[in-house]
Amino acid sequence: MNQMEDLNTVQQLLKTLQDFQVVKCNMHHERVLTDLSNNPMFRKQDDAIIFDRVNLCPMKDRKLRLGCAHSPVNINFERHLKCLAAELPELQDQILNFTSQFKTVVSKIYMLDHNVGHIERDLAMCKLNSDDSKQEKLNRNLEDLKVQHRLFMTRLSEIKSDIEGLIVADLNYSN
């Protein structure tokens, strides 16, 4: 491949990476649906209560939203970073460092996602059982997790921006 083809590939990778988004959704999809009286909606399966949840974002959106625990977006982003490292071997160490940071943050978001789902379930159970004392503590915990989520999403945005800046600087230097 000649230098011009390399440049085109790097520019295409930059455009692809720029298309990814970071959305501070507060893990809205983990919420339990409620009826008009604000009671949790659920169904019973054997002896288990299964709460109805808010729908996930449309797949076309999830395909681009970094940090989403319910799509292959994060794996796709990492795959593009791997291609970028191959195209820019002189920046490989920096790109691998960004990839590691990205994976760490995404892993933390996945844990938050599970924890928020559990708290939302526990809140719904409190509502069903009229347990107001436990509900207040769970609401505080939920808000703390949402703050953490927003911080992690901000960090993902910073990592993405740093990667894009690295590519732009390299492209400017190459020209």
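Structure notes:
- Scan of the range 119-142 for residues that are of a type outside the set (D, E), part of a helix (DSSP H, G or I) and either in contact with a Ser or Thr (Cβ under 7 Å, 6 or more places away or on another chain) or exposed (fewer than 14 other Cβ atoms within 10 Å of the Cβ) (or both), ordered by number: L128, N129, S133, K134, K137, N139, R140
- The condition of being out of contact with any Pro (no Cβ under 7 Å at 6 or more places or on another chain), within 25 Å of T9 (Cα to Cα) and of a type in the set (D, E, K, R) holds for only one of K82, K137, K108, K44, that being K82.
- Restricting R140, R121, R155 to residues that are modelled with pLDDT of 95 or more, farther than 27 Å from I49 by Cα and among the basic types (K, R) narrows the list to R155.
- Residues in the range 39-72 that are surrounded by 15 or more Cβ atoms within 10 Å (Cβ to Cβ) and either touching a strand residue (DSSP E or B) at 6+ places or on another chain (Cβ under 6 Å) or assigned to a strand (DSSP E or B) (or both): P40, F42, F51, R53, L64, R65.
- Close pairs from the range 155-170: first basic (K, R), partner in a helix (DSSP H, G or I), Cβ under 6 Å, at least 6 apart: R155/V105
- The residues in the range 38-85 that are under 25 Å from I119 (Cα atoms), among the acidic types (D, E) and within 17 Å of the chain's Cα centre (by Cα) can be counted, and the count is 0.
- Test: residue in the range 26-38 that is aliphatic (A, V, I, L, M), farther than 23 Å from V105 by Cα and part of a loop (DSSP other than H, G, I, E, B): yes
- Residue check, S100 polar (S, T, N, Q), exposed (fewer than 13 other Cβ atoms within 10 Å of the Cβ) and under 30 Å from K44 (Cβ atoms): no
- Comparison of V116, V147, V106 shows that the only residue that is of a type outside the set (S, T, N, Q), in contact (Cβ under 8 Å) with a residue 40 or more places away in the chain and either surrounded by fewer than 19 Cβ atoms within 10 Å (Cβ to Cβ) or touching a Leu at 6+ places or on another chain (Cβ under 6 Å) (or both) is V116.
Every residue, every condition in (1) more than 20 Å from Q148 (Cβ to Cβ); (2) modelled with pLDDT under 95; (3) not acidic (D, E), yes or no:
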site: P58; (1), (2), (3): yes, yes, yes
site: C68; (1), (2), (3): no, yes, yes
site: P72; (1), (2), (3): yes, yes, yes
site: E78; (1), (2), (3): yes, no, no
site: K82; (1), (2), (3): yes, no, yes
site: Q101; (1), (2), (3): no, no, yes
site: V105; (1), (2), (3): no, no, yes
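- Residues of the range 158-175 satisfying the condition of being farther than 16 Å from Q12 by Cα and buried (at least 17 other Cβ atoms within 10 Å of the Cβ): I159
The values are calculated or read from the model by the stated rules, or taken from the named source; none is laboratory data. All of these numbers come straight from a predicted model, not from anything done at the bench. For neighbour counting, all protein chains shown are included, and Cβ atoms are generated from backbone atoms with ideal geometry for every residue, glycine included.
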